[in-house]
Every structure is written in C-alpha cells, then in structure tokens.
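Following: one structure in structure tokens, then a few remarks.
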Amino acid sequence: MRFSFTEEQLALREGTRDVLEAMCTTSDLRDLYESDNPMGGRSAERWSALSDLGATALLASEEAGGLGFGDAELVGVLEEAGRVALPEALGLHAGVAVPILGLASSTPAGLLSSLVEQGALVSVGGVDVALTGPVVRQFDGEAHAERVPDVNRAHSFLLASASDHGVQVCLVGRDQCTITPTPGLDTALNLGAVAWTPRPENVIAEGDDAILIIDEIASRSSLVSAAHLCGVVDAMLLRTAEYAKDRQQFGVPIGSFQAVKHMLANVRVALEFARPAVYRAAWSFSVNDDARHHDAALAKALASEMAQDAAATCLQVHGGIGYTWESDLQFYLKRCWALATAYGDAPMQRARALSLGLNLSQ
Amino acid sequence: MNVVVCVKQIPDPAAPQSLEPGTHTLDRSGKLILDDSDAYGVEMALQLAEQAGGGDVTLVSMAPNGETSGLRTALAMGAASAVLVSDDALKGADALTTAKVLAAAIKKSNPDLILTATESSDGYTGTVPVQIAELLGLPSITFAKSVVIEGGNVKVQRQTESGYDDVVAPLPLLVTVTAGVVEPRYPSFKGIMAAKSKPVETVTASDLGIATGAAGQEITSVVDAEARAAGEIVVDDGDGAQRIVAFLEELKLV
C-alpha cells in the first residue's frame, strides 16, 4: 500500500506554488490589509490566475469543464494556498461548493459548468459545525447567515437554512442577497452577513437529501480549513525559524538557544502529526469512505490545536516585533486564530470525531 | 511554423550550489529545473506558433543523467515534444562542444525558427546561441525584446544600450530573446498532466554523430570574488546633485 502522494499530485502542488508565490506575496497581503477596499490588492487577477490554472474546478467533472480530480489532489493545492495565507475562499469554493453542486441531485443541468466557465466564486454559509444546530433558522421566510467568507468577491452563495417545514440548501446569486460586511480578526477573509429568502428555484436539496448535504458541507469545510491551516503553519514556522537565526541576543542568534530550538521543533512535530490526519481525511473523501466525516473532524481537531500552539510559539519567538503592524507575521497569526476556531474548534471537533467514531464502530 | 527552443536545465538557483573539486564545474548531480531565462523563449515560441496558425514547438536540451524535470515544465507550458541529449561523455563540455551537440540535435527537427535565451543563468558564457547559428549556417539576431513574423521574415527589436534597433531577417534563423520579450505563462493543471505523456527523445552524442573528446576549454582555477570595496563618499559642497548626475551619466543610467 502506498502512503505518499503520487508524482502527479506533487506536480499539481508545485504548479500551484509557482503561481501563488508570484501572485500572493506578503506585500500583496499588506496592500489588502492596508486598503479600505476589501477587494484591494490583486484579488481579481489572482482569482482568475487560479481559475486559469484549473485549481478552482479541480473537483468538477470533465463534462462540467473541470478536471475530474479528487480531494487527494486538492489537499496539496489548499496547503499551498495556506502557505501564502491566500485571502480568497479557494477552499470553500473548490473543496465545498463545487463538489456539493456536482453531488446534489437537484442542481440544474449546466449550472456547474456555467459557473466553471465564468470562473465564478461560490462561497458557503449557513452551516457551522460549531453551532449546536447544524444550520441557521429562517424567520418570517428569511434566513441570515453570519461570518460568510469572501462576500465581496462571491458570485453566488451555497447556503443552508431550516424552517418549520424542514431544511433546505440553496444556491443564491449575490443580487438576491443582502450582504453586510462584518468586522473580523482576519480582515483578508472578507467576512460578511448574508440574508436571503429561500425560493423554490434556488433549492439544491431539501428534506433528507439536504440533511446529508449539510453534513457533507460541515465535514468538507472542516477538511479545507484544516488543510489551509497546515500550509499557514508551515510558512509561519519557516519564517520564524529564519527570524530566530537572524535575530541576535547576547551576541548570538536566539535560535542557538536550546529553549528556542525546542519550542520551534515542537511546532514542527505537531504539524507533522496533523498532516497525515488531514491527508487521510482528504483520501476518505476522494474514495467516499464512510469514515470521511469522522476523519475530517479528527483532522480539524488536530490542525486547530496545532495552529493555536504554533501561533503562540511563533509570536513568542518573534518577541515584541511580532505584535507590530509592520511585521508580516500578523498575516499568519490572524489566519491561525481565525481558522482554528471557525468550522469547529479543537474540543468541538474532538467531540464530533468521538461520536462519529462510536457510530462507525457499531 | 516549426520552432525549436533551446532550454537549459540548471541546478535550482535558490538551493546552495557547489563546484566539483577536480573540474571546477558546477555540480549538476541533483535535481535540475528549467532555467527561468528560457521560459521567455518557450512562451515566445508558443505565441509565434499560435499566431502562425499552427506548428510545433520542440525543445532541445543537453543535461546529465537523463534529467527531464525542467523539460516537463516547458512541456507543461505547451511545447509539443523534446529532444534531450544526455551522455556521460559530455560531462564538463565547453561552450563550443555544447553548441555542436545542440546544433546537431536541432538539425533533426529542421525548424523555421530557433529561439534561445541570451545566456544561461548558471554558466553565463552567452556564446552558445551564435555558435549554434554559425554551425547551422543560419543568420542570428541577438537580444530581441520583440519578435514578429511577417511573411517569410522576422522583425526584431534588438535591445541596445541606448534603446533598440529594428532588425529584419529572412527565415530560417536563430533569435536570442531577453527577459522582457513576453510574460511567460504558468503551466495549467491540464498542461502539467498532458506533459507527462508528451514525447521526450533521449539521444547520446554518438547518436548525433558528435565525437566526444577532451574539451577545448578547461577551468584551471577558481578564486573567491573580491570583497566589495568601500564606496566613494561625496561631500556636498553645493554641487552634490550635479556630481550624482555626473556619476549616473558615467554608468549610462541617465
């Protein structure tokens, strides 16, 4: 049995890295952070480069204009997105919305291929594994999803909601939504509240179908954020190790002190323990394994915990400079803090993994 | 229109590099990547072939150990096929030997146009392209910042120190392109996947009828670069600005 990525999968990852290292530099991120415009920087250009690359439609079938690949290919691409702290919601679009639209039986024919053709970004909201109920409630026929990423760039939204008549998953165009930007810790994520009125023509799934799809959305969101976190921590750790080799104290680099070395080594160990769980979850989705929900929960639990610890360590190693606006460390710290708690934090995901694991073993 | 692009696969410039102790040549035993400066030639070739309404872009490369990683990158960009000359007997080959090998490999494709970079990013001799042209008995135009095909002619804007010259020459010929000529595309996922199945013909020097012997050139010694000397401090006696302008003029920067 083979436990490593194929040459092909590694080549896709490398191809993504080449594009993102050029198109999403720390100075691009700084432009975005320092701009009043949430679409600042080279956002549109970057999304179309990802679309030209094929990253946005990696999981769409070839008939729909995609590449017909699986999550085992996507996971490396998403890790690369994390390594540059990509602001665009590539994970939610390519790893959640696209496969769900391909999966849902009520998706109108040609819808996915038209979205792929346009290079349109679909963001996802209304489902949060961290909520006690799986989806947001409708009130007076209107639903209201909080903290939906990339609201300004999204062409449409995949949204779940529940009413007294049952649950529904809809694909709603941005012109049919009321979008209110929400202040967030990581402003690059461009969060917003989305209010919409579920209409029959927008429904992708309802009833039992919708419940299954909502479960897929929850687990897929966990997986893509876990993959992103692995990439963020990888880059943050490299940057911090470089800093520790450069920054002098008592006449020597601080990285020469064992206490500093050990802290950074512990982060590397935690990252290398989280990664296989993330890769396993990706594989489980790619073969539609029954354990995929459990695996995604475990992956997110490990990744969230690892990212929180990594952020604390990297900030400490940087010392005072790490707290400043001028330091680029902030892009990675904020992403860690935001994604470690979004889509279920570590304790919540552990509980989910436990209950799903018990079900599997019965 | 058939275009051949000469591409070099070089050790990753971002990785630490070393010289081989005996020959003082670059250690090329590790993984090699496509020389960045060659991506411009590949892109130019793809665009010219597209504009001409068809034709193949063929890559020609010489590298040790049957190395194809760099070629795969260029194939992923869209080139149709590649010829790789890989032969232990060519280890440490000098510029002229390299030119003879590449010229022989290029001849097999009988191209309308040959594109190369102005020089490689690891050897920097900058002599191989014109040697190839000479060996093939073709005209050559160097330092192209723009290449346009019109009828049977190539119109080139040739970069000079003060601007550019317009140069026209008939096909077939060899053109060396600068980094400004076009913006290379990124290989798409489809391109990366397709590159795996594109043909790469690996040949040896003897397949090409090239006699391999002792290289005409050898590196006798290598010394460390001199430490940078201290700069000149200009004390501004009211003429500071003029002296800076004079200095920049001397460097032909203004």
Given (1) in contact with a Ser or Thr (Cβ under 8 Å, 6 or more places away or on another chain); (2) under 25 Å from A:Lys300 (Cα atoms), number of the condition A:Phe69 does not satisfy:
(1)
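Residue check: is B:Leu71 surrounded by fewer than 22 Cβ atoms within 10 Å (Cβ to Cβ) and within 22 Å of B:Gln17 (Cβ to Cβ)?
Details: surrounded by fewer than 22 Cβ atoms within 10 Å (Cβ to Cβ): no; within 22 Å of B:Gln17 (Cβ to Cβ): yes.
No: the conditions fail for B:Leu71.
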Among the residues of the range A:250-271, which ones are outside any helix (DSSP H, G or I) and surrounded by 12 or more Cβ atoms within 10 Å (Cβ to Cβ)?
A:Pro253, A:Phe257
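For (1) in a helix (DSSP H, G or I); (2) over 17 Å from A:Gly231 (Cβ atoms); (3) in contact (Cβ under 8 Å) with a residue 24 or more places away in the chain, each residue gets a yes or a no:
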| residue | (1), (2), (3) |
| --- | --- |
| A:Tyr243 | yes, yes, yes |
| A:Asp289 | no, yes, no |
| A:Ala307 | yes, no, yes |
| A:Ile321 | yes, yes, no |
| A:Arg350 | yes, yes, yes |
Subset of the range A:9-29 [out of contact with any Lys or Arg (no Cβ under 7 Å at 6 or more places or on another chain), surrounded by 15 or more Cβ atoms within 10 Å (Cβ to Cβ) and in contact (Cβ under 8 Å) with a residue 24 or more places away in the chain]:
A:Gln9, A:Leu12, A:Arg13, A:Gly15, A:Thr16, A:Arg17, A:Val19, A:Leu20, A:Thr25, A:Thr26, A:Leu29
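Residues in the range B:242-254 that are assigned to a helix (DSSP H, G or I), surrounded by 10 or more Cβ atoms within 10 Å (Cβ to Cβ) and not basic (Lys, Arg): how many? Spell out the reasoning first.
To start, the set of residues in the range B:242-254 that are assigned to a helix (DSSP H, G or I) comprises B:242-250.
Next, from what is left, pick out any that are surrounded by 10 or more Cβ atoms within 10 Å (Cβ to Cβ): B:243-249.
So of that shortlist, the ones also not basic (Lys, Arg) come out as B:244-249.
Final tally of qualifying residues: 6.
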What are the residues in the range B:182-203 that are away from chain A (no Cβ under 11 Å), more than 21 Å from the chain's Cα centre (by Cα) and not in a helix (DSSP H, G or I), if any?
B:Ser197, B:Lys198, B:Pro199
Does at least one position in the range A:272-286 carry a residue that is surrounded by 13 or more Cβ atoms within 10 Å (Cβ to Cβ), part of a helix (DSSP H, G or I) and in contact with a Ser or Thr (Cβ under 7 Å, 6 or more places away or on another chain)?
no
Within the range B:32-69, work out how many residues are at positive phi and out of contact with any strand residue (DSSP E or B) (no Cβ under 8 Å at 6 or more places or on another chain).
3
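Just for the range B:159-171: of the residues that are over 21 Å from B:Ala133 (Cβ atoms) and open to solvent by 40 Å² or more (accessible area, probe 1.4 Å), which one is nearest to the other protein chains (Cβ to nearest Cβ)? Let's see the steps before the verdict.
Here is the first cut: in the range B:159-171, the residues over 21 Å from B:Ala133 (Cβ atoms) are B:161-163.
Subset that is open to solvent by 40 Å² or more (accessible area, probe 1.4 Å): B:161-162.
Values: B:Glu161: 29, B:Ser162: 31 Å.
Ranking the candidates gives B:Glu161 first.
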Exactly one of A:Arg13, A:Arg42 is basic (Lys, Arg) and within 30 Å of B:Ser197 (Cα to Cα), and that one is A:Arg13
Give me the pairs: first residue in the range A:247-269 and among the charged types (D, E, K, R), second residue modelled with pLDDT under 95 and assigned to a strand (DSSP E or B), beta-carbon distance under 9 Å, and six or more apart or on different chains, which are they?
none
Taking the range A:53-106 and keeping residues under 20 Å from A:Thr26 (Cβ atoms) and in contact with a Phe, Trp or Tyr (Cβ under 6 Å, 6 or more places away or on another chain) leaves A:Ala85, A:Glu88
Of the residues B:Leu174, B:Leu208, which single one is open to solvent by less than 80 Å² (accessible area, probe 1.4 Å), more than 14 Å from chain A (Cβ to nearest Cβ) and at pLDDT 95 or above?
B:Leu174
Can you give me the ranges of the helices (runs of 4 or more DSSP H) entirely in the range A:1-119 with at least 2 residues that are within 14 Å of chain B (Cβ to nearest Cβ), modelled with pLDDT of 90 or more and in contact with a Gly (Cβ under 7 Å, 6 or more places away or on another chain)?
A:7-23, A:43-53, A:71-83
(1) part of a helix (DSSP H, G or I); (2) modelled with pLDDT of 95 or more: which one isn't true of A:Ser327, the others all being true?
(1)
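The values are calculated or read from the model by the stated rules, or taken from the named source; none is laboratory data. Predicted, not measured: the structure shown is a model, and the values here were computed from it. Using ideal geometry, Cβ is built from the backbone for each residue, glycine included, and neighbour counts are taken over all protein chains shown. Just so you know, the surface numbers come from the protein's heavy atoms only, side chains and all, with ligands and any DNA or RNA stripped out. Shrake-Rupley method; radii C 1.70, N 1.55, O 1.52, S 1.80 Å.
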